[in-house]
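The values are calculated or read from the model by the stated rules, or taken from the named source; none is laboratory data. Not measured: the values here are computed from a predicted model. Cβ sites come from the backbone with ideal geometry, for glycine too, and all protein chains shown count toward neighbours. Areas reflect the complete protein model, heavy atoms only, side chains present, ligands, DNA and RNA absent. Shrake-Rupley method; radii C 1.70, N 1.55, O 1.52, S 1.80 Å.
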Amino acid sequence: MIGIKIKKIRVSKNISPINVYSGIMSRSNYWKLEEGLISPSFETVIQLLQRINLDVEEFLMLLQHDTLLFYNQTKDQRNFFFKKKDAEGLLNLAQQLQQQYKQTKALQLRHLALTCNLYHSRLTEKPPNPQIMTELKQYLFGCNDWSLYELRLFNSIFFIFDYETSKVLLKRALKTIQHNQQRIDEKISFLVNFLSLAVQNNDLKQIKIIDETLQNDVELPHKSTYNRILLAWAKQIIQAYMTRNRQYIHKAFEIIAIFDTLDMDGPYNMYNAWTNDYQSFIFGSD
């Protein structure tokens, strides 16, 4: 990613390659750098940035923007293949990401490749690869202080862990939520996903923790319409579980119907199905 970004900036400024690499590295290694085949040392990056008239702070900001954009686009592609039940697409994407990881050693690419394989297993109803599960579990448990990246990773693969493991990781996730109030949408998405596990495991204690977090830690401003609907729906599900009152389930169906009104078919179909599952779990099949 670093070399590719340097090339993009160099070309945009009409600076010839020789004026960048001369006296710093060989022509062949510079070509490999710009193609993303090798990673330079920090000292080399500093020297190259001087040749393209860019300071380190500005370059890091540009690089962070591109990295986040690529990560989000790839994640969306993975989710698209899963929703379309495209098992081959998931495998091909996993292979592409693994190849890019071998070239760049960027851990995010490795994790994306692993999650593609997990989504493929779930789609084909096959047991997930134990080695993949172990690698991701070790990574999440090895991070004492989570950032939003670890929260997003856990949120995308929470279904692979047993419930007791998930509860341990939930504590770290809640700590991250409390310390990062600026990304409210992601917090709501995580809490709603974990709510499904807590309800399925009939865990009143965890449901109360999630309810309290939704009430106290998730502020109203800056939420998307999507998550405003999701938050209102989650509160009804929690009340239905705690009170065993069917009116809350009926209200939950009404709230999810807003997705249908907005032509958001994917969210409507998923959360409408979840609401039916909750109704059966809480009130039985009668």
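Placing LEU91, LEU230 in order of accessible area, with the largest value first and a 1.4 Å probe, yields LEU91, LEU230. Summed over qualifying helices (DSSP H, 4 residues or more, each -39500 (n - 2.57)) and divided by its residue number, the chain shows a 222 nm mean residue ellipticity of -25000 deg cm²/dmol.
Placing unit charges on the Cβ atoms of the charged side chains and taking the dipole of the chain about its Cα centre, the candidate lying farthest along the positive direction among GLN108, ALA173, TYR119 is GLN108. Taking the three principal axes of the alpha carbon atoms in the chain, the coordinate ranges are 77, 41, 39 Å, sorted in descending order. For the chain, the Cβ-based charge dipole about the Cα centre amounts to some 520 debye (Lys, Arg positive; Asp, Glu negative; other atoms uncharged). In loop segments of segment 63-149 as defined by DSSP, the trypsin sites (Lys or Arg not before Pro) with at most 16 further C-beta atoms inside 10 Å of their C-beta are LYS84, LYS85, LYS105. Summing Cβ point charges (Lys, Arg +1; Asp, Glu -1) relative to the Cα centre of segment 196-281 gives a dipole of roughly 300 debye. Computed from Cα positions, the angle between helix 163-179 and the longest principal axis of the chain comes to roughly 70 degrees. Would you check the accessible area of THR225, probe 1.4 Å, heavy atoms only, in square angstrom rounded to 10? The value for THR225 is about 90 Å². Here the chain exposes an accessible surface that is 50 percent carbon and sulfur, computed with a 1.4 Å probe and the other protein chains kept in place. Angle check, please: helix 246-261 long axis (alpha carbons) against the longest principal axis of the chain (alpha carbons), in degrees 0 to 90, nearest 10. Taking Cα atoms only, the helix is inclined about 40 degrees.
Shape analysis of segment 52-99 yields a ratio of the Cα radius of gyration to the Kirkwood radius, Rg/Rh, of 1.22.
If you fit an axis through the alpha-carbon atoms of helix 107-123 and take the longest principal axis of the Cα set of the chain, what angle between them do you get, 0 to 90°, nearest 10? For helix 107-123, the angle is close to 40 degrees. In this structure, the pairs whose alpha-carbon distance is over 27 Å, taken from LYS7/LYS105; LYS5/LYS102; LYS175/LYS205; LYS102/LYS167; LYS126/LYS167; LYS5/LYS105, are LYS102/LYS167.
Counting only protein heavy atoms and a 1.4 Å probe, the chain has 55 square angstrom of accessible area per residue.
Taking the charge dipole of segment 1-101 about its Cα centre, with +1 at Lys and Arg Cβ atoms and -1 at Asp and Glu Cβ atoms, the residue from ALA87, THR74, VAL45 reaching farthest to the positive side is ALA87. Ordering HIS111, HIS65 by accessible surface, largest first, gives HIS65, HIS111; the 1.4 Å probe counts only protein heavy atoms, with every chain in place. Magnitude of the charge dipole for segment 246-286, about its Cα centre and with charges confined to Cβ atoms of Lys, Arg (+1) and Asp, Glu (-1), is about 200 debye.
The candidates ASP211, ASP145, arranged from most to least accessible area with a 1.4 Å probe in the full protein assembly, appear as ASP145, ASP211.
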